[in-house]
Structure formats: structure tokens, C-alpha cells
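Report on one structure; see the data block that follows.
The values are calculated or read from the model by the stated rules, or taken from the named source; none is laboratory data. Just so we're clear, the structure is a prediction, and the values are computed from it rather than from any experiment. Positions of Cβ are backbone-derived with ideal geometry, glycine not excepted, and every protein chain shown enters the neighbour counts.
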Amino acid sequence: DYFMLGISTRMSVSSILKICSPSCEEDFLISVNLNMDESIELLFPDLYGTLSEKVAAVTQVASLCKDVQVLEHIVEHNQLMSAFARLLEEDSNVEMSFIISKVLLAISKVADFHEILANHRVGATILRVIELELKRVGHRLEMKSQPFTTRQEHFFFICLSILANLADNITTLRKMVKKGLVPIVVGCLQMKSVKSLMVSLQLLRLSSIFEETAVEIATQGQNVIPKLVCMLQVQCVDIRSDVTSILFNLSFLEQCLDLISNQEEVHKFLVDNLHEEQLNQRALCLVYHLSSKHDNRQKFFEADVSGYLIKALKTAKKQKQEMNKALVGLLVNVSCCVKHISSNLLTFFSTIFRLRR
């Protein structure tokens, strides 16, 4: 159904509806209007009843979300949206929070509804809910038990996905960063689920364009940056791609650049990623940035960056294409590392001169 599967791209309600029911759009709208208005009025009092009544009511609303057009009625019902936001933040019942978050995720996938979600402070509420759950995770760690349960990771995935959808708006993203998004996302990097980890990295990548994010990570860099660097060797290409972008954005801050440079395996990991087509351009930009420091140039040579550079130059010559600016910058930087010239490097430089002819 819709609230479980969602829609992969941001679309307007009208465009989604035309895809779902192009032949009977008008009749469908009339039917939904009547049924939904009646259903909400019948269910709404239960949201202020006993716990079992609340769970039953939110479950019923979630079942109505199987039809896309119903979402418009939900977001336009001011009292219902206020009740959802209140229950999500104030009630500790896991099952109810889980169901409400799935409804809000479905709503957040429609760009037209983002302003309404903002009016009900859904983003801020989700941040507080995740923060509370992370404190519970910390308590379990103190008790030496598993940090995240499977159900909890699924709940985090849904909540973080809501934030990722809302973060499409740069103003909203900046507000979330100011309200503590970065430490919350960093706390989620220890999750085992790939999909939960990927949405956490997506949010961190989006947030890393702001200087305050880099400053915040620099203050706790001994924990964050080593964790990110270790992810450069995982099997999932999408994870490595996001991590490389995050590290590149952070490297514009000198403190973060130093922290990245001091990681023992980062140079080898990046050179390995240079040879993968899907990661080449992102990794090249980061390698270029790091090569501005003398010690990094030496470590890149030790990781055999010269082999990649010779291959890249030959490819550019063969295809008669303009060289990537990051590649040119990297060549300039490594050419300053005279004292580390070896037989391999002599071959490397002679190749440059032959190609220039």
C-alpha cells in the first residue's frame, strides 16, 4: 500500500492521482471526499480516548492511506494533524508512534504537503522523538545489550526518511541543522541496517554543505571521521559514494582536513576507490583536496596513486577529451613532491611529457 511503499519522486497530488486513476478521476474524488470526511469525524474523538482507542484510531487512518487522494484530506484536517504531532511526541506507545510515523512518511513524499507539515512542526517533533530513542539506545549500551533492535531501526528509518524528504528545502534543512540534526544523525551511524544507514548518510551529506556542520563534527571528529573513513571499504557503492561526498564537504574546514589526513587507511581506501567508475569523480575531488598537504602527497604515492594517474592521462589522451579540473589540480600538487621520486614516479612523469607532445 501507499504508506508502506511510498513514491520515489516528489510529485503533486494531481499528478499522482492522474497516474493512479486517469479514467475516473472526478468520480473518485467525489467518493473519497464524502467517505473521508465521515471517517475522520468518526475516528477523531478516539484519538483522545484510552490507549487502545488511540491505537485503533491511528491504525484506521493509516489504512485509509492506501488511496493517495486521502492524504490530502488528512493534511487539510488541522485537528487531526495536530493530534498526530502531539501523540507522536507525548505518547510513549511504540506501536502507535510506528503507525503515525508511517502516515507522516507517506505525506512527506508529496512536496505540496511540506508547508503544512512545517506548520505543525513535524520536523522538530521527529527530531525530538529520535533524540529520545537514542538516549534509550545509550542506556542499553550501558547495560551491554544490543544497541538497536530490528524494530527500532525500522522506526528510525521511517523517521529519518521523513526528515530527508523535508530536507529538499534548503531553508528547512538549515533549521533542522540548527535544532540538532547533525548529532542525531551521527548517533544513527552505528545502525546495522543498510537502508537505515544510507538515509542517515544522506542527511549527513545534505547537512555537510553548512560550515556549522563541519565545525560541530570537528569538535567530535575523533569519533565521527574515523567511523566515516572505515565506511570507504564497505561493499555498498552508494554508502561509499555518500561518505566520500561528506568527507569532501567537510575537508573545506582546516580542522576536518587535518582529522581526515590523520586517518591511517584513508589514502589507500581513496586510491582504491579511484579505480571504480561509479566513485571516480567524487574520490578524485577528495584526493585533490587532501593532496594540498605535503604529508598526504607522500602517502598517496605509497598507496600507488601514480598508477591511477598514468591510466587517467592515457585515457584522456586517447579519447581526446579535456582533463578533469580535479585531475589537473592533483597533478600539479603531486609534482611538488620531488624528494619522493622513484623509478615508478620517473615513469609517471615521462608519461606526462610524452602525452603533452
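Among the numbered conditions (1) under 28 Å from the mean Cα position of the chain (by Cα); (2) closer than 18 Å to V110 by Cβ; (3) modelled with pLDDT of 85 or more, the only one that N78 does not meet is (1). Here E254 does not fit the description of being in contact (Cβ under 8 Å) with a residue 12 or more places away in the chain, surrounded by fewer than 18 Cβ atoms within 10 Å (Cβ to Cβ) and not aliphatic (A, V, I, L, M). So, Y288, is that one at pLDDT 85 or above, under 30 Å from V185 (Cα atoms), among the hydroxyl-bearing types (S, T, Y) and assigned to a helix (DSSP H, G or I) or not? Yes; evaluated as a whole, the condition is true for this residue. Within region 149-174, the only residue that satisfies the criterion of being of a type in the set (K, R) and surrounded by fewer than 16 Cβ atoms within 10 Å (Cβ to Cβ) is R151. Within the set A124, A167, the sole residue that is in contact with a Lys or Arg (Cβ under 8 Å, 6 or more places away or on another chain) and within 22 Å of I209 (Cα to Cα) turns out to be A124. Within region 155-185, the set of residues being part of a helix (DSSP H, G or I), under 15 Å from V129 (Cα atoms) and out of contact with any Phe, Trp or Tyr (no Cβ under 8 Å at 6 or more places or on another chain) comprises F157, C159, L160, S161, I162, L163, M176, L181, V182, P183, I184, V185.
Looking at region 316-326, can you tell me whether even one residue there is part of a helix (DSSP H, G or I) and modelled with pLDDT of 85 or more? Checked against the condition, which is being part of a helix (DSSP H, G or I) and modelled with pLDDT of 85 or more, region 316-326 yields at least one hit.
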